[in-house]
Amino acid sequence: MQFTGYLTAPASDGTRDVTAEIQRLIDENPHRTIFFPDGVYRISSPILTPADPAKSVALLLSDFAVIQASEDWRDEEAMIRLGGKDPFNSITINGSNYGIAGGIIDGNGVADAVSVDSGRETYIRDLSIKHARIGIHVKRGANSGSSDIDVTHVNIVGTDTPDSIGVLVEGYDNTFTNMRIAHVFTGFDLRSAGNVLRNLHPLFCFSAAAEEHFAESVGFFDRVGNNWMDFCYSDQFATGFRFGENARQTIMNDCFAFWYTEKGGEETLIGCDGAFEGLVNNVKVGFKNPMNHVLRVGRPGGKGVLHNLNLNHGDESFFSDGLFREYLEGKVR
């Protein structure tokens with residue numbers, strides 16, 4: 001593959017801190033794509049890209065280029081902060097579209113990986129994130145809280161700690177597609193509305209520490225509602241899909257939750273902190289533990305709909321419409 005015209009970062013073998021060099025390349029070369037060849041680029045503090053279209057850059061990593069947090073990382077912010085400087089809100093100016101693509105971001109067990117702090121038309125794609133407490137953090141956007149980012153073909157590995165989150169979303173109106181997430185306690189933590197999630201697969205992985213806190217694990221946690229999920233697959237988390245106290249009208253189509261071992265404890269397909277207000281169609285669930293729940297609610301009386309439930313547990317298998325009604329009064333399986 002040729003990268004003619006790209007600005008190439010100096011090759012690095014991970015033996016020295018290159019934070020200042022990378023930041024200088026970004027600051028001194030607006031409207032350039034900065035290419036990172038194969039190698040290990042060790043950084044000790046966050047790298048910030050500008051949101052201002054007059055200064056913006058794009059980061060492009062080769063498949064085996066690794067940006068890695070140093071062992072003495074102490075910063076609370078993410079390693080790569082897209083739009084982390086010179087905030088701006090525009091889609092009409094050339095340069096408003098920027099982001100990061102390719103390669104590996106390695107949190108080294110001590111750092112968050114990527115955040116989106118400001119700007120519009122931002123993308124994260126074809127990226128592998130390893131050993132990060134938070135894989136991707138979408139902050140409140142520049143457009144009245146709307147961040148409008150697109151994330152696709154991203155794989156995330158967390159830290160197996162109770163505070164490890166695959167994707168934390170605070171800005172509104174984002175699209176997430178074709179992602180795999182593992183070794184986290186929360187796959188997606190949605191604290192905003194207007195998000196579209198499609199073909200996402202968070203997986204809970206057991207370790208001694210992970211098993212101790214298994215009951216807290218959640219595949220998808222929609223705290224506010226008005227989000228869309230399509231073919232989202234929660235794998236082995238204690239609760240597959242959780243709705244917050246006041247979450248309304250989250251739409252789930254063709255989603256799936258599966259447990260492959262009894263080892264963790266009780267299994268819940270959909271857990272609601274308040275009443276059930278979701279619109280759930282064609283959901284499939286495969287339980288393993290005898291202690292399992294199709295729907296658990298914090299209070300009865302919700303107006304949610306669970307249409308066409310396909311349930312498998314051992315030799316028991318059935319497909320039923322209308323079964324959800326009994327659970328609206330707080331009954332559990």
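Summed over region 118-146, the residues that are modelled with pLDDT under 95, in contact with a strand residue (DSSP E or B) (Cβ under 7 Å, 6 or more places away or on another chain) and not in a strand (DSSP E or B) give a count of 3. Looking only at residues that are open to solvent by 40 Å² or more (accessible area, probe 1.4 Å) and within 14 Å of W259 (Cβ to Cβ) in region 278-290, which one is farthest from the chain's Cα centre (by Cα)? Step by step, filter region 278-290, then rank; the result is P290. The number of residues in region 194-230 being free of Cβ contacts under 8 Å to residues at least 60 places away in the same chain, open to solvent by less than 30 Å² (accessible area, probe 1.4 Å), under 22 Å from D273 (Cβ atoms) and of a type outside the set (V, I, T) comes to 14.
When E277, E267 are checked against the criterion of being over 22 Å from S164 (Cα atoms), at pLDDT 90 or above and touching a strand residue (DSSP E or B) at 6+ places or on another chain (Cβ under 8 Å), a single residue qualifies: E277. Screening A247, A257, A238, A275 for residues that are of a type outside the set (S, T, N, Q), within 16 Å of D222 (Cα to Cα), in contact with a helix residue (DSSP H, G or I) (Cβ under 7 Å, 6 or more places away or on another chain) and buried (at least 16 other Cβ atoms within 10 Å of the Cβ) leaves exactly one candidate, A238. Would it be correct to say that G109 is farther than 26 Å from D230 by Cβ and either surrounded by fewer than 22 Cβ atoms within 10 Å (Cβ to Cβ) or modelled with pLDDT under 95 (or both)? Yes, satisfied.
Can you confirm whether region 64-84 contains a residue that is open to solvent by 40 Å² or more (accessible area, probe 1.4 Å) and under 18 Å from T175 (Cα atoms)? No, there is no match, as no residue in region 64-84 is open to solvent by 40 Å² or more (accessible area, probe 1.4 Å) and under 18 Å from T175 (Cα atoms). Selection of region 147-168 for residues being on the phi < 0 side of the Ramachandran plot and in a strand (DSSP E or B) yields D150, V151, T152, V154, N155, I156, V157, I165, G166, V167, L168. Number of residues in region 147-171 that are closer than 18 Å to R81 by Cα, open to solvent by 10 Å² or more (accessible area, probe 1.4 Å) and at pLDDT below 95: the value is 1.
Contact annotation: residue pairs with Cβ atoms under 9 Å, 6 or more positions apart or on different chains, pairing a residue in region 83-100 that is more than 16 Å from I47 (Cβ to Cβ) with a partner that is basic (K, R) and part of a loop (DSSP other than H, G, I, E, B), are F88/K55; F88/R120; N89/R120; S90/R120; I91/R120; G95/K55; S96/R120; N97/R120.
Where strands (runs of 3 or more DSSP E) fall entirely within region 1-111, those with at least 1 residues that are in contact with a helix residue (DSSP H, G or I) (Cβ under 6 Å, 6 or more places away or on another chain) are at 33-36, 39-43, 47-50.
The values are calculated or read from the model by the stated rules, or taken from the named source; none is laboratory data. Everything numeric in this text was worked out from a predicted model, so none of it was measured. Backbone-built Cβ (ideal geometry, glycine too); neighbour counts: all protein chains shown. Heads up: the accessible areas ignore ligands, DNA and RNA and are worked out on the full protein's heavy atoms, side chains in. Shrake-Rupley method; radii C 1.70, N 1.55, O 1.52, S 1.80 Å.
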